[in-house]
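One structure is given below, encoded as structure tokens.
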Amino acid sequence: MTLARMTIAASLIALAACSGEQTADNGAAAAKGEGGVVNLYTARHYDSDLPLYERFERETGIRINRIEGNADQLIARMQAEGERSPADLFITADAGALWRAEQAGLFQAFDPATIGERIPANLRDPSNLWTGFMRRARVVAYDAATVQPAEIDSYEKLASPRFRGKLCVRSADSVYNLSLMGALIEAWGPERAEQWARGVVANMARPPEGGDRDQIRAVSAGVCEIALTNSYYYIRMASGDDAADRAVTEKVKLGFPSLNGEGAHVNISGGGIARHAPNRAAAQRLLEFFAQADTQRHIAENNNEFPASPDVAPPAPVNAYADFTANPMQVRAFAQHQPQAQRLMAEAGWR
Ligand code: FE
């Protein structure tokens, strides 16, 4: 028995003991609509999601067992567990991670009847193995005192000599960077994308360190003039409780570069039903719940991602940033380039 198997077995026994139910009975109960349980393997770790889970439990009577980890840990765990995996639904925040889980054979198709109505086709896997439910743009935080918006209106320009020694960005192992690089490979082909990565490396103000928020703060501190960041980190700093972070966003603004004139690179938070889900119906229900309008609004308000459904009006605080052109690229198209993106970025010297 692997460590992962032991851990999950122990946690399920503990949960079964708490509720007085046998885990094996729960699938049947969920299928009959009498409550039951759904085992959610999640790489989302946001406290703001907790009220959502409580609402789902209240509305459906289905209890959520949360098993948390980073995406690759959870993928490895599901692989190790094989067909005895208790995983029902896997959710994470990067199309590339969903694609890796798909490639590992960890998903089964969901019923697209409801989800297909809510979520645009480019934000879903065409075979319905996984779907997005929130969007996040990978864009540019810039020093409004030194940079004109027109200087950062394309991803190409970030690699131009204008920004030699003036760019902050996190490391190449960030899945957000890998997905952006995947989108450039899809749009431009690998050679031009690698050239771009070389330009980015030449433009780095310092070796990559820290997360996206650290890059935004570095712009404010004068370490660099521009930084790559996911939209929600900036929006969180601009609208959160931290006065220092709010002050940063008075100097540093958010710009939305365009890829081939078709809009900013958009990644997803999303998920799919596990191949061997013991509680398949409950997993379908929870995936549909994530795609609901009120759920998207809650996440937009509290985690500052953008809704995936075009008919969900972005609430505050994301509404102030939502009026950008989103690149319509099929997310699976850039997700599948992540392995190549990783090689090309290493070649280009992006650490
Ligand atoms: Fe993030």
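The values are calculated or read from the model by the stated rules, or taken from the named source; none is laboratory data. Just so you know, these numbers come straight off a predicted model, no measurement behind them. Don't worry about glycine lacking a Cβ; one is built from the backbone with ideal geometry, like all the others, and counts go over all protein chains shown. SASA here: full protein model, heavy atoms, side chains in, ligands and nucleic acids out. Shrake-Rupley method; radii C 1.70, N 1.55, O 1.52, S 1.80 Å.
Structure values in brief
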item	result
Selection count where residues are open to solvent by 10 Å² or more (accessible area, probe 1.4 Å) and under 23 Å from the mean Cα position of the chain (by Cα), scope the range 196-215	6
Members of the range 110-127 that are within 20 Å of Ala43 (Cα to Cα) and either assigned to a loop (DSSP other than H, G, I, E, B) or not assigned by TED's automatic domain parsing to the domain that holds Arg275 (or both)	Phe110, Asp125
Helices (runs of 4 or more DSSP H) lying entirely in the range 216-313 (those with 2 or more residues that are at pLDDT 95 or above and open to solvent by less than 10 Å² (accessible area, probe 1.4 Å))	231-239, 280-291, 293-303
Residues located in the range 207-221, provided they are away from the ligand (no atom under 16 Å from the Cβ) and touching a Phe, Trp or Tyr at 6+ places or on another chain (Cβ under 8 Å)	Val219
Test: residue in the range 121-131 that is more than 20 Å from Phe306 (Cβ to Cβ) and free of Cβ contacts under 8 Å to residues at least 60 places away in the same chain	yes
Check on Gly61, in the same structural domain as Phe289 (by TED's automatic domain parsing), of a type outside the set (D, E, K, R) and free of Cβ contacts under 8 Å to residues at least 40 places away in the same chain	yes
Of residues in the range 158-209 being charged (D, E, K, R) and in a helix (DSSP H, G or I), the one farthest from Asp94 (Cα to Cα)	Arg162
Every pair of residues 6+ apart whose Cβ atoms lie under 7 Å, when the first sits in the range 105-118 and is closer than 23 Å to Pro310 by Cα while the second is assigned to a loop (DSSP other than H, G, I, E, B)	Phe110/Asn128; Pro112/Asn128; Arg118/Ser309
Residue match in the range 327-335 (condition: within 23 Å of Ala113 (Cβ to Cβ) and either of a type outside the set (A, V, I, L, M) or modelled with pLDDT under 95 (or both))	yes
Complete set of residues in the range 222-247 that are away from the ligand (no atom under 16 Å from the Cβ) and under 10 Å from Asp143 (Cα atoms)	Gly222, Cys224, Glu225, Ile226
Residue pairs meeting the criteria (Cβ under 6 Å; at least 6 apart or on separate chains; first within 26 Å of Leu184 (Cβ to Cβ), in the range 307-328; second open to solvent by 80 Å² or more (accessible area, probe 1.4 Å) and modelled with pLDDT of 95 or more)	Asn327/Glu262
Residue ID - farthest from the ligand (Cβ to nearest atom), chosen from residues in the range 156-195 that are open to solvent by less than 10 Å² (accessible area, probe 1.4 Å) and over 23 Å from Ala97 (Cα atoms)	Phe163
One residue from Ala76, Ala87, Ala95 being within 16 Å of the ligand (Cβ to nearest atom), in contact with a helix residue (DSSP H, G or I) (Cβ under 8 Å, 6 or more places away or on another chain) and at pLDDT 95 or above	Ala95
Qualifying position, being open to solvent by less than 40 Å² (accessible area, probe 1.4 Å), within 16 Å of Phe290 (Cβ to Cβ) and of a type outside the set (A, V, I, L, M), among Gly105, Gly96, Gly69, Gly116	Gly116
